[in-house]
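Some notes on the structure that comes next.
The values are calculated or read from the model by the stated rules, or taken from the named source; none is laboratory data. Bear in mind the structure is a predicted one, so any value in this text is a computation, not a measurement. In this analysis, Cβ positions are derived from the backbone assuming ideal geometry, glycine residues included, and neighbour counts consider all displayed protein chains.
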Amino acid sequence: IGVWGPRARDLLQSITDADVSNEGFPFGTCRLIDLGPVRALASRISYVGELGWEIYVPFEQGARLWDAIWQAGQPFRIAPVGIGVYGTTGRLEKCYRAYGNELEQEFNLVETGLARPQVKPQEFIGKEAYLKQRAGPSAVTLCTLTIDDNISRSGFKRFMMGREPVLSPQGERLVDQHGRGSYVTSAGSGPSVGRTILMSFLPPEQAKVGTRLAVEYFGERYPATVAVVGPTPLFDPQNTRVRS
């Protein structure tokens, strides 16, 4: 169960004697703690861009954990939310990638923006290929786009779902040097930024902030703009919330 939001720490502290302060339970760490009647593994990470924890218990104790969190959360106006926030809206505002969308064999680590500043000297599987990818220019870069106007010709709002072609404003297909066409890898609304957000791998010519493009959806083209090039998120780019 994920517990995220500005009051997540207050909620957890109300049902545990463990120190869940920023100093006592830093971002990126995990430990076993007692939450009400349940012993749980709490991991301070977030896939939605907010302060919080992922909490793991054996399946048979899931209902007890849920009840403890739900009851303790009432003074904090807790609200249950589904996979839509976890898998699309919050994730896209933070430019977090997902397996099967941005993370797949078609694109390498450099193209997805996951290359690290340094490479460890020890050997590891795939090191030779990874070093080669780092050495040369990338054929594409993962970018965050926003939809400028999602009103169809018939006057209805349209919301992309993913896998739609990304085109030039004139409707020309974008193709990189390896013959891969650009398409929407993930799509969803961004409530914190007030825009519909898309992610797509774009060739260098289009991978520039402010570039105007189009997305084809049900036979119509919708204008889009490149908002971010690379892994920097649209929302809270300094990650102050998740690390608070």
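Here are a few things to note about the model shown:
- Test: Glu54 is without any contact (Cβ under 8 Å) to a residue 24 or more places away in the chain and either over 30 Å from Val193 (Cα atoms) or of a type outside the set (A, V, I, L, M, F, W, C) (or both): no
- Long-range neighbours under 6 Å by Cβ, at least six apart or interchain, first residue farther than 18 Å from Ala207 by Cα within segment 139-163, second assigned to a loop (DSSP other than H, G, I, E, B) and of a type in the set (Lys, Arg): Asn150/Arg158; Ser152/Arg158
- Qualifying residue in segment 222-241 (condition: surrounded by fewer than 12 Cβ atoms within 10 Å (Cβ to Cβ), in the same structural domain as Phe159 (by TED's automatic domain parsing) and in contact (Cβ under 8 Å) with a residue 12 or more places away in the chain): no
- Residue check for Gly90: touching a Gly at 6+ places or on another chain (Cβ under 7 Å) and either of a type in the set (Gly, Ala, Ser) or outside the structural domain of Ala187 (by TED's automatic domain parsing) (or both): yes
- Test result for Val175, surrounded by fewer than 21 Cβ atoms within 10 Å (Cβ to Cβ), under 17 Å from Leu92 (Cβ atoms) and among the aliphatic types (A, V, I, L, M): no
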